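Okay, structure first, notes after.
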Amino acid sequence: MTIRTLIIRADASVTMGTGHVMRCVALAQAWQDDGGAAVFAMAQSTPAINEYLRSEQVEVVPLNSPSGSAQNAEQVTQLARDRAVEWVVVDGYQFTAEYQRILKAAGLKVLFVDDTGQCEHYYADLVLNQNAHANEKMYGSREADTQLLLGPRYAMLRREFKSWRRWKREVPAAATKLLVTIGGSDPDGLTLRLVEALPKISAAGVEVMIVVGGSNPCMTELEREVAGMGPHIQLVSNAGNMPELMAQSDIAVICGGGTAWELLYMGCAILSYARDDVQEQILKELSAIGAARSLGAVDAFQETTFARAIEELIFLKDRRVAMAGLGRKLVDGKGTGRVLTCLAQETPKIRPALSMTPVKSKDKDSFLKMAEQHFRELNRDFTPDQDWQDYYFDNIQKDCKYSLQWIVADGQRAGFILFGSEMHRFLPRKTGVILELFVVPEQRRRGIARVIAEQAICEMQKSSPSKIQLEVVEGNAAAVKLWKSMGFRKVTDRFVLAERTKS
């Protein structure tokens with residue numbers, strides 16, 4: 001079975017920053033969730049970005065030619081031929097009209113992610129500009145069939161923000177929690193200057209969370225500076241829970257970039273510096289409508305101006321309420337899906353035909369063999385004791401509260417799911433439970449687990465449970481990512497006393 005592959009052409013570096021890559025990660029995740037595979041073709045990157053992409057199960061292919069050159073475009077076209085790719089996403093200020101033309105001449109479909117309208121001509125099939133100032137006049141010179149995707153309704157957010165769609169911010173009378181996050185690399189060293197200016201904020205009781213990207217070259221200096229400031233200031237590197245941190249914060253200080261769209265979605269009041277003319281233009285538009293406040297250029301940073309802006313916004317509840325409302329109106333969290341829909345309109349979907357069918361008594365040996373594979377992945381020391389072989393399957397079959405189903409993809413067994421409903425121990429309530437979900441390795445990365453989980457949840461909801469819950473084995477990052485993206489929240493830790501070794 002062929003897996004649809006998406007090539008994303010974007011770069012990252014300490015001086016360039018990581019914004020172009022990070023906003024494309026959102027599209028890569030959505031493509032994966034739709035059953036495809038994503039490949040980042042990169043002429044420049046950082047160790048932290050490479051590690052992050054690997055953690056997202058995204059392949060990185062290095063390119064050995066100058067970033068925006070014709071030779072570089074030819075390398076991408078060859079990679080596309082080798083992988084039988086139809087769509088290429090291009091994001092970066094170094095990519096020209098000629099770069100687009102070469103990709104199109106090779107028969108590829110191109111999504112060009114843009115901020116400025118700087119190209120002399122646009123050959124791409126789709127041009128995406130998520131900024132508030134984006135308009136059709138910026139792209140007057142384009143092919144007749146080039147489609148424009150303009151404005152914040154196309155802002156692409158990573159999948160971890162999906163579960164926050166129904167969340168509503170409560171705005172306190174006085175802000176007490178400040179978030180400082182200046183991006184993946186912070187080439188201007190702005191984070192350190194902001195930290196040094198924190199003592200000038202005279203408002204009492206303010207807690208500060210400083211989030212530093214993995215490519216920030218000033219980490220040692222930041223750790224040294226923060227160490228002597230007291231417990232009300234925390235420093236976090238490579239935070240894996242940005243939506244939660246944004247939700248907990250009343251005010252955020254940033255430096256333009258994709259973080260602005262995430263904060264708008266989370267309804268957090270924004271104070272932002274601008275690193276370049278592009279960010280300055282974006283912030284000008286957001287400031288004009290009251291969705292954020294610009295603090296000016298990074299080069300013009302002043303400690304007193306920074307501290308005064310924080311002090312003012314701390315007590316302006318109405319202003320923070322207005323920012324929260326405008327943020328959600330601008331960024332509704334559906335932008336990535338809209339972009340994916342535009343790609344899918346001209347891309348034939350190769351998706352598995354999925355169904356569930358009951359595991360029957362005659363399937364015992366086949367099931368136990370697959371279940372053993374499942375439990376060995378969760379615990380490499382798993383050994384099927386005799387009682388497991390004798391009772392595990394039989395007791396599941398006897399218990400009418402649970403449903404054990406084969407996952408069938410394109411007519412073949414692709415895994416299994418065990419789910420059902422249980423009565424509350426002490427109350428007259430039902431709880432839906434997903435006990436096991438396993439997809440065989442050769443069928444993964446096709447969106448099977450998500451579709452089957454959604455089907456099981458629909459089935460459980462027919463009995464009106466008070467909630468649906470599940471457990472994830474410690475260290476199973478892929479499962480955590482799946483369940484969080486479907487709206488599940490972590491509510492507890494489960495502790496197990498290890499069985500004593502028999503003497």
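For the reader, a short list of remarks on this structure follows.
- Which numbered condition S272 misses (of (1) part of a loop (DSSP other than H, G, I, E, B); (2) open to solvent by less than 40 Å² (accessible area, probe 1.4 Å); (3) closer than 28 Å to F315 by Cα): (1)
- Among (1) closer than 17 Å to R376 by Cα; (2) open to solvent by 70 Å² or more (accessible area, probe 1.4 Å); (3) among the aromatic types (F, W, Y), the one test that F438 misses: (2)
- Region 376-396, subset at pLDDT below 95 and within 23 Å of A453 (Cα to Cα), residue surrounded by the most Cβ atoms within 10 Å (Cβ to Cβ): L378
- Filter pass, C400 being modelled with pLDDT under 95 and either more than 26 Å from W31 (Cβ to Cβ) or assigned to a strand (DSSP E or B) (or both): yes
- Within region 298-311, residues that are under 9 Å from A197 (Cβ atoms) reach partners that are open to solvent by 30 Å² or more (accessible area, probe 1.4 Å) with beta carbons closer than 6 Å, at six or more positions or on different chains, in the pairs F301/R193; E303/K200; A307/K200.
- Residues of region 460-475 satisfying the condition of being farther than 22 Å from F367 by Cα and either touching a Ser or Thr at 6+ places or on another chain (Cβ under 7 Å) or in contact (Cβ under 8 Å) with a residue 40 or more places away in the chain (or both): M460, S463, P465, S466, K467, Q469
- Flag: I7 does not match the condition of being in a helix (DSSP H, G or I) and β-branched (V, I, T).
- Just one of the listed residues (R446, R376) is assigned to a loop (DSSP other than H, G, I, E, B) and either out of contact with any Leu (no Cβ under 7 Å at 6 or more places or on another chain) or free of Cβ contacts under 8 Å to residues at least 60 places away in the same chain (or both), and it is R446.
- Evaluated against (1) within 27 Å of L286 (Cβ to Cβ); (2) open to solvent by 10 Å² or more (accessible area, probe 1.4 Å); (3) not aliphatic (A, V, I, L, M), T96 falls short on exactly one condition, (1).
- For region 456-478, the candidate set comprises residues that are open to solvent by 70 Å² or more (accessible area, probe 1.4 Å) and of a type in the set (S, T, N, Q); within that set, the residue that is nearest to L378 (Cα to Cα) is Q469.
Residues checked against (1) in contact with a Gly (Cβ under 9 Å, 6 or more places away or on another chain); (2) over 15 Å from A324 (Cα atoms):
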| site | (1), (2) |
| --- | --- |
| I233 | no, yes |
| G240 | no, yes |
| Y273 | yes, yes |
| V278 | yes, yes |
| K284 | no, yes |
| G290 | no, no |
| D299 | no, yes |
| E303 | no, yes |
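- Among the residues of region 67-84, those identified as closer than 27 Å to S141 by Cα, at pLDDT below 95 and in a loop (DSSP other than H, G, I, E, B) are S67, G68.
- Condition check for S249: crowded, with 21+ Cβ neighbours inside 10 Å, in contact with a strand residue (DSSP E or B) (Cβ under 8 Å, 6 or more places away or on another chain) and more than 25 Å from S485 (Cα to Cα): no
- Annotation note: Cβ proximity below 7 Å between a residue of region 274-287 that is of a type in the set (G, A, S) and a residue that is open to solvent by less than 70 Å² (accessible area, probe 1.4 Å) and part of a helix (DSSP H, G or I) (sequence gap 6+ or interchain) occurs for A274/L283; A274/V298.
- Filtered by the rule that a residue be modelled with pLDDT of 85 or more, open to solvent by less than 60 Å² (accessible area, probe 1.4 Å) and part of a loop (DSSP other than H, G, I, E, B), region 479-503 gives a lone residue, F488.
- Lone qualifier among F382, F367 - being in a loop (DSSP other than H, G, I, E, B), more than 20 Å from R446 (Cα to Cα) and under 36 Å from the mean Cα position of the chain (by Cα): F382
- Residue in region 405-425 that is at negative phi and assigned to a loop (DSSP other than H, G, I, E, B) present: yes
- Sole residue being at pLDDT below 95 and assigned to a loop (DSSP other than H, G, I, E, B), chosen from G257, G296, G267: G257
- Whichever residue in region 149-173 is open to solvent by 40 Å² or more (accessible area, probe 1.4 Å) and of a type in the set (A, V, I, L, M) and, among such residues, is farthest from G257 (Cα to Cα): A173
The values are calculated or read from the model by the stated rules, or taken from the named source; none is laboratory data. None of the values given here were measured: they were computed from a predicted structure. Reconstructed Cβ throughout: ideal geometry from the backbone, glycine too, with neighbour counts over all protein chains shown. With ligands, DNA and RNA removed, areas are computed over all heavy atoms of the protein, side chains included. Shrake-Rupley method; radii C 1.70, N 1.55, O 1.52, S 1.80 Å.
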